Number of protein chains: 2
Amino acid sequence: MDLGFIGLGIMGRPMAGHLQAAGHRVYLNTRSGVPREMTGKSGIACKTAREVAQKAEIIFTMVPDTPDVEKVLFADDGAASGLSRGKIVVDMSTISPLATKDFARRIEELGCFYLDSPVSGGEVGAKAGTLTLMVGGREEIFERVRPLLQLMGKTITLIGGNGDGQTAKAANQIIVALNIEAVAEALLFASKAGADPARVRQALLGGFAQSRILEVHGERMLKRTFAPGFRIELHAKDLAIVLAGARALNIPLPHTAHCQELFNASFAAGEGGLDDSALVKVLERLASHEIKIAD
Amino acid sequence: MDLGFIGLGIMGRPMAGHLQAAGHRVYLNTRSGVPREMTGKSGIACKTAREVAQKAEIIFTMVPDTPDVEKVLFADDGAASGLSRGKIVVDMSTISPLATKDFARRIEELGCFYLDSPVSGGEVGAKAGTLTLMVGGREEIFERVRPLLQLMGKTITLIGGNGDGQTAKAANQIIVALNIEAVAEALLFASKAGADPARVRQALLGGFAQSRILEVHGERMLKRTFAPGFRIELHAKDLAIVLAGARALNIPLPHTAHCQELFNASFAAGEGGLDDSALVKVLERLASHEIKIAD
């Protein structure tokens with residue numbers, strides 16, 4: 001099939017690669033120029049997003065934030081200007097659910113279709129093709145695109161209509177951030193109270209405190225491995241989307257809002273590029289105590 | 001073996017029952033009088049905690065809070081006054097880690113031994129004998145008592161020295177409370193943004209947001225089943241222990257402290273007797289929106 005992929009960053013590059021590896025012809029465009037090694041028989045570099053939309057049947061976008069999606073879709077040389085009836089835009093970026101509903105409406109007004117399909121699982125999941133995909137849009141369009149999504153993701157759920165995929169991703173980012181803070185407070189308390197935080201974590205994994213975050217991010221806190229993973233600056237971007245949405249919808253999210261303030265403290269310490277498990281370092285500075293595993 | 005069990009409430013009763021069912025003679029004492037059906041060949045009612053300690057080799061305590069443990073151990077007719085050298089006290093209540101270290105010291109000064117072994121898993125786990133036990137104390141004493149603990153619990157971990165079991169339990173209660181708030185904020189956001197919170201939860205269970213709390217308490221929030229489970233008033237008691245300890249140890253726990261404030265709002269609404277997943281109702285009132293599953 002003739003596909004398009006716009007946005008070839010850390011995530012987009014391996015994702016587009018899976019489409020190419022499956023034998024599809026993929027028209028490629030990215031802000032900084034398409035890497036030469038992606039082009040050839042199955043990859044064709046395009047100068048503009050419009051050109052991608054002119055040549056491809058289904059166009060995937062994977063860019064950093066809401067304004068970036070707006071630009072690649074609706075700028076003068078954006079994808080919308082190259083679309084013809086029946087084509088499908090699949091935005092896999094993590095952006096505002098509210099803006100997404102607007103983007104979808106504008107694409108459908110062109111006689112085309114729109115899916116929002118943000119992903120979870122990071123660079124590792126993108127490379128392995130094991131991302132979790134949360135999709136919003138029409139069921140029949142979802143079914144048409146699903147075989148392609150399965151090349152990039154493992155757990156793929158149609159949540160509901162347009163925007164609902166982004167809403168699910170927002171919910172995901174809330175829980176992940178707050179579970180990280182939960183694990184940080186718990187392990188810091190344990191460590192400063194004189195217990196071995198590694199043994200505490202191990203015991204807690206067997207009960208109601210169990211979570212993927214206690215498993216993965218808890219271990220990072222203990223081993224002091226704060227190379228990303230998923231960077232604080234990206235998580236803070238996602239919480240900004242959540243909090244703007246919450247403001248617009250009149251939803252008070254007290255812990256999410258406070259978590260964003262803690263991320264601000266991470267930035268103040270120059271730690272925005274670290275993994276989001278490094279949120280624990282903010283708390284450690286407040287407590288003048290660093291978590292330590294017993295020897 | 002001749003055992004003792006002090007505190008026959010919702011938790012203590014089935015726990016003592018498992019010891020009796022395994023063929024041990026259990027000397028029983030509880031504030032409100034030993035239930036007749038627990039007495040007979042394997043259960044002997046005692047008028048005081050002292051009498052229990054005089055007759056049993058290993059004495060278990062399971063009472064509500066720190067002052068209750070202090071009373072059953074160190075009041076005039078308390079267990080300490082009935083102990084003789086080599087006997088073992090195993091406190092399975094959830095109480096202060098710092099007070100526990102003091103209690104253990106005072107018991108060991110009598111030539112006896114002390115384990116703190118708070119439990120997680122609630123009434124269901126107590127009845128099924130599948131509790132999670134977090135133990136603090138000497139390893140050789142732990143090994144002697146372990147076969148008895150295995151009659152009551154499934155996952156049993158020696159965390160470290162005296163108090164460390166309670167510290168692990170405190171860490172557990174921090175994470176459980178904050179994960180409940182995380183799920184509440186996420187599902188409320190999803191619901192008010194117009195997505196089906198049930199589908200959002202289902203999708204999130206496959207990724208990094210997965211937790212036992214999202215599974216169990218998330219489902220309770222969706223199904224509006226707020227019968228305990230584990231009551232808010234007990235969880236608030238546990239957080240009070242955590243926050244007093246945190247204060248003594250100079251550990252700021254901003255989310256835990258705020259969660260306790262939200263529990264205060266639960267009490268204000270007369271909801272202290274509900275399951276702790278009902279914390280979501282506080283947030284729902286703030287947002288003037290109740291979570292609803294799509295039909």
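The values are calculated or read from the model by the stated rules, or taken from the named source; none is laboratory data. What you see is a predicted model, and the numbers here were worked out from it, not measured in a lab. As a convention, Cβ positions derive from the backbone with ideal geometry for all residues, glycine included, and neighbour counts pool all protein chains shown. Only protein heavy atoms, including side chains, enter the accessible area calculation; ligands, DNA and RNA are left aside. Shrake-Rupley method; radii C 1.70, N 1.55, O 1.52, S 1.80 Å.
Numbers for the structure displayed
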item	result
Surface share of carbon and sulfur [accessible, 1.4 angstrom probe, percent] for the range B:199-246	52
3J(HN,Hα) from dihedral phi, the range A:268-282, Karplus parametrisation 6.51/-1.76/1.60, rounded to Hz, x for glycine, proline	4, 8, x, 10, x, x, 7, 4, 5, 5, 6, 3, 4, 5, 4
Efficiency of FRET between A:ARG31 and A:VAL124 - r from beta-carbon atoms, R0 25 angstrom, step 0.05	0.60
Summed buried accessible surface, chains B and A, 1.4 Å probe, nearest 100 Å²	5400
7 Å along Cα→Cβ, label-point gaps from B:ALA128 to other copies, nm, shortest first	2.9
Accessible area in square angstrom per residue, chain B, 1.4 angstrom probe	38
Neighbouring partner chain Cβ atoms per residue of A:209-218, average, 10 Å criterion	6
Segments A:151-161, B:256-266 sorted - mean Cβ within 10 Å per residue, highest first	A:151-161, B:256-266
Copies compared at A:ASP102 - label distances in nm, ascending, label defined 7 Å from Cα in the Cβ direction	6.0
Set of aspartates and glutamates near B:LYS192 by C-alpha distance (under 12 Å), chain-local residues within fewer than 8 positions excluded	A:ASP164, B:GLU284, B:GLU290
Solvent-accessible surface ranking, highest first, for A:ILE44, A:ILE180 at 1.4 angstrom	A:ILE44, A:ILE180
Highest-fluctuation residue, A:VAL119, A:VAL34, A:VAL200 considered, GNM on chain A with Cα pairs under 10 Å	A:VAL200
Area accessible to solvent at B:LYS292, 1.4 Å probe radius, in Å²	140
Table column - 3J(HN,Hα) (Hz), the range B:52-69, Karplus curve with 6.51, -1.76, 1.60, x for Gly and Pro	4, 5, 5, 9, 9, 7, 10, 10, 9, 10, 8, 10, x, 8, 3, x, 5, 5
Per-pair calculated FRET efficiency, R0 = 30 Å: B:ASP102 and A:ASP295 via Cβ, rounded to 0.05	0.70
Closest-to-axis residue of chain A (Cβ criterion, axis taking A to B), whole Å	A:SER211, 2
Area of A:TYR114 that stays accessible when all protein chains are in place (1.4 Å probe, Å², to 10)	0
Value at 222 nm in deg cm²/dmol, rounded to 500, when DSSP H runs of n ≥ 4 in chain B each add -39,500 (n - 2.57)	-16000 deg cm²/dmol
Placed amide H near B:TYR27: partners under 5 Å, 5+ positions off or other chain	B:LEU3, B:GLY4, B:PHE5, B:ILE44
Accessible area of B:THR39 in the full protein assembly, 1.4 Å probe (Å², nearest 10)	60
Ascending list, in nanometres, of distances separating the A:VAL216 label from those of the other copies (7 Å, Cα toward Cβ)	2.3
